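Structure record follows, encoded as structure tokens.
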Amino acid sequence: MRDELPVLHGVPPIPEGSQPHARCQDECFLGEKPEPLKYREAIQRIKNWFRANSLHVLAYGTGCGSIELRPLGTARFDMERFGISTRPTPRHANVLIISGYLSIKTLKRVIRSYEQMPSPKWVVGLGSCTINGGMYWDSYATMKQLDLYLPVDMYISGCMPRPEALIEGFAALMDKIKKGEANGYLDYLERLDWYRENQKKIIHDWDLPDYSW
Amino acid sequence: MKTHIETLKRHQFEVLWTHQQRANLIQIGIKAEQTLPVLTYLKTHTPFVQLTHYSAVDWIEDNEFQLTYTLTNPQTYEILMVCARIDREAATADSLHKLWPQAVTYEHEMGEMFGLKFPGSPRVGEPFNLEGWRDMPPMRRDFDTVKFVRDSIPERPGRQAINTRDYIGAEAGEKRLLHD
């Protein structure tokens, strides 16, 4: 990756004959000036690399799949060796795991928690219930397709997935973040009306604010 | 335990039927209008002082709801299940909140899930499990869950379902053929 990055110039030596207090625009660069787009892309890549290695999972379980998060977080599978840790409040977290089935009553709380999380943030759908309803496909109380209500960056299939599968899923999410493809949070802001419309279709007693800052 | 049931009969309570399910579990049927007196008597004059469970069953064929009050004797762990049938249309039963305060939670839930009415029960009508529910109570047997789900909750297209009974039957049949 280092080879692909454009070289970022450090403080150049003052060219001969230049004014000591020249405006720091073109004069700051020696030789070829990097194109602004590439420069921004490089910064974005560095940011993404840092972000991918700093995942803080909201310690919140919605369904039975959250039982697999306990061995993942503790000594046996130990997700902290990948730089993933849990946080008790949405204000400190940037990964939301929907672990298994999500009842419509819980969906309301999840939307609130998700909107309170600072950007950039990612949603991981865990288990087949989040994908197509799973074994609760005919339940009156659960939603059947998570990506209608929240922007899902990574699905981990299984009923329920083992901690090894979760580690695999996190690795895939980290790759996706490094490539800059995990932009669900931007999609949520861009298409907020569409998400809101879907949310309000199944949450009949809607009493949330316009956006839970 | 049987002596307590005999005492009930002696006190002019009508015991419609008795059924011994296990050595320590007896079910009795009583009239719905005698529910409160019977339970008050059992709580105050017998060792069955603890209400361990309290639930409803929808007997749609008989047009009735059956309310089952599970009482436990904490000394001997004997269980007495008192069953009373109420009319399905009226769906009204006596509230037990004066006898056992924890009964309120059961009544609250039954009110939401079966549409039962318990006049005087505190917190009745507040949302509990179902928020913003607009349909008929979902645990009633005439509630068509699959139709409700198809109509109101969007589903990802392309989901394939296998009939579990057919699938396992076919698999078992194949195996039996192989063994034969």
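No lab work stands behind these numbers, since they all come straight from the coordinates. Quantities reported herein were computed from a predicted structural model and do not represent experimental measurements. Reconstructed Cβ throughout: ideal geometry from the backbone, glycine too, with neighbour counts over all protein chains shown.
See the values below:
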item	result
Positive minus negative residues near B:His45 (Lys, Arg vs Asp, Glu; Cβ under 14 Å)	+2
Test item: A:201-208 mean partner chain Cβ contacts at 10 Å	3
Approximate spin-label separation B:Asp144-A:Met135, in nm, with each point projected 7 Å along Cα-to-Cβ	2.7 nm
Added length on full extension, which subtracts the Cα-Cα distance from 0.36 nm per residue, B:Tyr77 to B:Leu36	12.5 nm
Inter-centroid distance (Cα atoms) of region A:165-211 relative to region A:48-122, Å	13 Å
Scattering profile of region B:2-179 at q = 0.10, 0.13, 0.15, 0.18 Å⁻¹ [log10 I(q)/I(0), Debye over alpha-carbon scatterers]	-0.55, -0.78, -0.91, -1.14
Nearest-0.05 FRET efficiency for B:Arg123 and B:Asn24, computed from C-beta distance (R0 35 Å)	0.55
Distance violations [Cα-Cα > 31 Å] among B:Lys2/B:Lys98; B:Lys43/B:Lys117; A:Lys176/B:Lys147; B:Lys98/B:Lys147; A:Lys105/B:Lys147	A:Lys176/B:Lys147; B:Lys98/B:Lys147
Theoretical FRET efficiency, 1/(1+(r/R0)^6), r = Cβ-Cβ of A:Ala42 and A:Glu197, R0 41 Å, to 0.05	0.60
Label-to-label distance, nm, for residues given as B:Ile162 and A:Arg76 (7 Å Cα→Cβ offset)	2.7 nm
Net dipole in debye of the protein assembly as shown [+1 Lys, Arg Cβ; -1 Asp, Glu Cβ; about Cα centre; nearest 20]	780 debye
Stretchable slack from B:Val49 to B:Glu14, in nm (0.36 nm times residue separation minus alpha-carbon distance)	10.6 nm
Dimensionless Rg/Rh of the protein assembly as shown - Kirkwood Rh, Rg from C-alpha atoms	1.17
Cα pair distances exceeding 27 angstrom across region A:55-202, given as percent	14 percent
Under 14 Å, Cβ to Cβ, from B:Ile26 - net charge with Lys/Arg +1 and Asp/Glu -1	+1
